[in-house]
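S.K.: Pasting a structure below so you can have a look.
Rule-based calculations on the coordinates, nothing more; no lab input. Worth saying up front: this structure is predicted, and the values here are computed from it rather than measured. We place every Cβ from the backbone using ideal geometry, glycine too, and count neighbours over all the protein chains shown.
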Amino acid sequence: MGNIQGLYPKSNKSKVSFLKELTLEEDPMFIALTETHLATNVKDSEIGITNYTLYRADREGRSHGGVMVYLRHDLAAHTKTLLSHSNGVIELLALHITNINLIIVNCYRPPQCNLESFSKALEKLNEVLETTPHAMTDVIICGDFNFPFICWPDGRSSGGTLEDQAQAKLLLEIADKLFLNQHIMEPTRRNNILDLFFTNNQESVSNCRSEKTIFSDHNIVYINTTYIKSKTPQDSMTPPNMTPFASFNFFSQKVDWDQLQQDLRKIDWKLALQGSDPNTTLNTLLRILLEVCTAYVPRKSNKKDRRYSIPRDRKILMRKRANLNLKLVNSTNETQRLIISSKIEDIEQKIKHSHEEQRRTEEHQAIENIRHNPKFFYSYCKKFLKTKSQIGPLVTEQDTITDAPKETCQMLAHQYNSVFSIPKTQPSSTRRPRT
């Protein structure tokens, strides 16, 4: 979790890529971000992460602000949005993961916030939380609250304006009411604890650390919890397009499109497909297309599909970064800590440069292919314009989740059959004559 200080700014679009690779390395349950600076002109497809569902509450009426949560797909299948709120000053997002009975609240309260706006936002949150049995429901409230004058862990106020102290009191009253404890004890921006993490299940949190990063002026906060691990690990997820055609390189300049189209036009499709049941028709169609593609489309190289893996150079850098962060946590020597922090910053600069260089290369390739292979260009552009909706995981009648292809098909077929009805035909006497 943390304040991202603009998730997708024009000046630095490598933040999303960095988060994607963190999810591949860490497989977090969720990522909570504040100050996303998003608006309707930024599509979900531009900031999406594979195997995670995106929930966002953008600031309304003004720029900046905003909160969002990336939630792992296996949990999103059981999740309801309880609150998505912005009053132009405060943003709140509340999600209920029903299968583990956990409510996650993400909040952004800016500096110099007025009491009325914060009070009204907390009233909405109270309304949501009062509808759940708190004694049985786990609650996490996290976000950037900008209360540097609160001393933790006791929650005493030391400084701050009277209005800020009044707002801090409202937050602490909710914490006392729900038996929430705050777990972040290390500075999250310079020497201040601005980002907070409350929970009413103290045993669910086993570790909390704050790490500096070049991707924001706030630290990244890692929270280890005892909640369920992924039921659909990323390395076992079935990549899309696993058909016989996935082995063909349709982006190659060696594809003989003219001859391919001529061969397809010569086929008597009516004769080839007539008198067959749907499965036989589909198999015949695929067989013919496969034969034509085999003749005129080159195969892809036998390299492993790397769409879901981190390039080797960045994987090495990220491992070095993780090892240095571990040394930083365990080090008590201030001089040594400064040296380690400098090394971490240098590694993150290299990671950022690698992401930017990869993006430039992909954009250049797409532009170069506009004339002779427009399919390559449009496929590159389309991934930033449309979110790919994953089918599943689905919740079974036994309240378990499944992503098995056969079971998913059977569940969808059962659902469609249960709501299917024969269309009513219009009486012939009322039909209008054709013109």
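S.K.: With everything on Cα atoms, drop me the angle between helix 405-419 and the longest principal axis of the chain, reported from 0 to 90° to the nearest 10.
M.R.: Orientation of helix 405-419: about 80 degrees from the principal axis.
S.K.: Take the Cα radius of gyration of the range 1-51 and divide it by 2.2 N^0.38 Å, with N its residue count; two decimals is plenty.
M.R.: 1.10
S.K.: Also: Return the FRET efficiency for the residue pair THR281, SER421: r is the Cβ-Cβ distance, R0 is 35 Å, and the value is rounded to the nearest 0.05.
M.R.: 0.85
S.K.: Return the inverse of the average 1/r over all pairs of distinct C-alpha atoms in the range 312-371, which is the Kirkwood hydrodynamic radius, in Å to one decimal.
M.R.: It is 13.3 Å.
S.K.: Follow-up. Among 144-155, 28-39, what's the highest-first ranking by average C-beta atoms within 10 angstrom per residue?
M.R.: Highest to lowest by the protection proxy: 28-39, 144-155.
S.K.: Continuing with this model, one more query. Set the Förster radius R0 to 60 Å, insert the Cβ-Cβ distance between ILE267 and LYS343 as r into 1/(1 + (r/R0)^6), and round the FRET efficiency to 0.05.
M.R.: The computed FRET efficiency comes out at 0.45.
S.K.: Then there is this: Given the convex hull of the Cα atoms of the range 42-121, what is a quarter of its surface area in nm²?
M.R.: If you wrap the Cα atoms of the range 42-121 in a convex hull and average its projections, you get 5.8 nm².
S.K.: Could you tally up the Lys pairs in the range 2-231 with alpha carbons closer than 26 Å? Skip any pair fewer than 8 positions apart unless they're on separate chains.
M.R.: Lysine pairs meeting both conditions in the range 2-231 amount to 24.
S.K.: Sorted by mean Cβ packing within 10 Å, highest first, what order do the peptides 361-373, 110-122 take?
M.R.: For the peptides 361-373, 110-122, the packing ranking is 110-122, 361-373.
S.K.: Given the Cα-Cα distance of ASP27 and HIS372 and 0.36 nm per residue of separation, how much length would full extension add, in nm?
M.R.: This chain segment gains 120.2 nm when fully extended.
S.K.: I need two numbers for the range 245-296: Rg to one decimal and Dmax as a whole number, Cα atoms only, in Å.
M.R.: 12.5, 38
S.K.: Here is a follow-up. As a test of the definition: which semi-axes, in Å, follow for the range 129-184 when you take the square root of five times each eigenvalue of its alpha carbon gyration tensor? Largest first, please.
M.R.: Gyration-tensor ellipsoid for the range 129-184: 23, 12, 9 Å.
S.K.: How large is Rg/Rh for the chain, to two decimals, with Cα atoms and a Kirkwood Rh?
M.R.: Over the Cα atoms of the chain, Rg/Rh equals 1.05.
S.K.: While we're on this one: For ASP164, ASP277, what's the fewest-to-most ordering of other Cβ within 10 Å of each Cβ?
M.R.: ASP277, ASP164
S.K.: If I model the range 2-231 as equal point scatterers sitting on the Cα atoms and use the Debye formula, what is log10 I(q)/I(0) at q = 0.14 Å⁻¹?
M.R.: Debye intensities relative to I(0), on a log10 scale: -0.87.
S.K.: Sorted from fewest to most neighbouring beta carbons within 10 Å, what does the list MET185, MET1, MET136 look like?
M.R.: Lowest count first: MET136, MET185, MET1.
S.K.: For PHE197, list long-range residues whose amide hydrogen, built 1.01 Å from N in the peptide plane, is under 5 Å from its own amide hydrogen.
M.R.: HIS183, ILE184
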